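The values are calculated or read from the model by the stated rules, or taken from the named source; none is laboratory data. Everything quoted here is computed from the prediction, not taken from an experiment. Using ideal geometry, Cβ is built from the backbone for each residue, glycine included, and neighbour counts are taken over all protein chains shown.
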Amino acid sequence: MNRAVLFLHSYWAYLVVLIVFLATINALIGVFTKKPYGAKDFRISLFALICTHLQLLIGLVLFFVSDKIVWFSENVDMSLVMKNKMMRLYNVEHPLLMIIAVILITMGYSKHKKKLSSAPKFKTLAIYYTLALAAILYMIPWSIWI
């Protein structure tokens, strides 16, 4: 099961990066071109929200079944985990920053729905989705992922 969840988490991440990138670019284009906010824009931002939430769920399952996660092992010295770069990445940094990225996308999506005109909608999406995309790209373990 561990391999299947890891495979799913790794390959779903490609879709997440692509969709969040497209949603961010779409929001930035909307901000700079001052185009009207339409159904296509709503669907793109919603699809980014859905994809990231599914990735979070897959990641949480992986967090509890992976052999790289040592939080649930007996006699684990967390100071050793924090001193080891790869263990710290898998046990602390990657999960924490990815959760923050999902929170940013959720906040941006929720706040943009309350705006009444196009410019504030695009601006809200652009800010939150850009920050989330930066967090996602920063915390992807590139040496292992590609």
Only residues that are out of contact with any helix residue (DSSP H, G or I) (no Cβ under 6 Å at 6 or more places or on another chain), under 28 Å from Ala39 (Cα atoms) and touching a residue at least 24 places away in the same chain (Cβ under 8 Å): list them for the range 118-146, please. Ser118, Ala119, Leu137
Could you count how many residues in the range 45-72 are within 23 Å of Val17 (Cα to Cα), touching a residue at least 40 places away in the same chain (Cβ under 8 Å) and aliphatic (A, V, I, L, M)? 8
Pull up the range 46-85, narrow it to residues that are in contact with a Phe, Trp or Tyr (Cβ under 9 Å, 6 or more places away or on another chain) and among the aromatic types (Phe, Trp, Tyr), then point me to the one that is surrounded by the fewest Cβ atoms within 10 Å (Cβ to Cβ). Phe72
Among the candidates Gly59, Gly108, Gly38, single out the residue that is in contact with a Pro (Cβ under 9 Å, 6 or more places away or on another chain) and of a type outside the set (Ser, Thr, Tyr). Gly59
Please verify whether the range 64-84 includes one or more residues that are in a helix (DSSP H, G or I), farther than 30 Å from Ile44 by Cβ and among the β-branched types (Val, Ile, Thr). yes
For the range 98-146: of the residues being over 14 Å from Ala27 (Cβ atoms) and not in a helix (DSSP H, G or I), which is modelled with the lowest pLDDT? Ile146
Give me the pairs, please: first residue somewhere in the range 89-115 and on the phi > 0 side of the Ramachandran plot, second residue anywhere and among the aromatic types (Phe, Trp, Tyr), beta-carbon distance under 8 Å, and either six or more positions apart or on two chains. none
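May I ask you to say which residue of Leu97, Leu104 is under 15 Å from the mean Cα position of the chain (by Cα), more than 24 Å from Arg43 (Cβ to Cβ) and surrounded by 13 or more Cβ atoms within 10 Å (Cβ to Cβ)?
Leu97
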